[in-house]
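Read the figures in this text as sums done on the coordinates, not as results from a lab. The shown structure was predicted, so the numbers you read here are calculated from the model rather than taken from an experiment. A quick note on method: Cβ atoms are made from the backbone with ideal geometry, for glycine too, and the neighbour counts reach across all protein chains shown.
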Amino acid sequence: MKNKVTVTVAGRNYILSSADNTAYVEKVAAYVDAQMAELKGESRASALDVAVMTALNVADNYYHAVASNEDLRRQLKEALDEKGKLDSQLSEAKREIVRLQLGKK
């Protein structure tokens, strides 16, 4: 089910249709609005230029997040692989302990 949400970005109202909940859509719009206000405050750029610069910044943040996510996935895979090796070594050590204890009796 799609929700219709009215948000304000750069002083203009937009009616958005989204499957996400209203609070999330408002949060996203507030983020974009804040980014645009920050860029507009730093320059005399046109509204279109501010919108394009904001889109570029958001895209940059997105690609950095994707790269970070991929790096975290790689680290997690390496940690799980290492855990698997350590689990195998532990099992082998336990078997060796049992074998040695049985040999002493």
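Quick notes on this structure:
- Our estimate of slack between Asn21 and Ala37, defined as 0.36 nm per intervening residue step minus the Cα-Cα distance, is 3.3 nm.
- Hypothetical label at Lys4: residues of the range 10-42 whose amide nitrogen lies under 13 Å (7 Å Cα-Cβ projection): 14-18
- Simple spin-label estimate for Ala93 and Arg73 gives 3.3 nm between the two label positions (7 Å along the Cα-to-Cβ direction from each Cα).
- Percentage of interatomic Cα-Cα distances in the range 24-83 larger than 18 Å: 53 percent
- Cα-based radius of gyration of the chain once divided by 2.2 N^0.38 Å, which approximates compact folds: 2.09
- Helices in the chain, meaning DSSP H runs of at least 4 residues, each add -39500 (n - 2.57). Divided by all residues, the mean residue ellipticity at 222 nm is -28000 deg cm²/dmol.
- Distribution of pairwise C-alpha distances over the range 62-105, 5 Å bins, in %: 6, 20, 12, 13, 10, 9, 8, 6, 6, 4, 3, 2, 1
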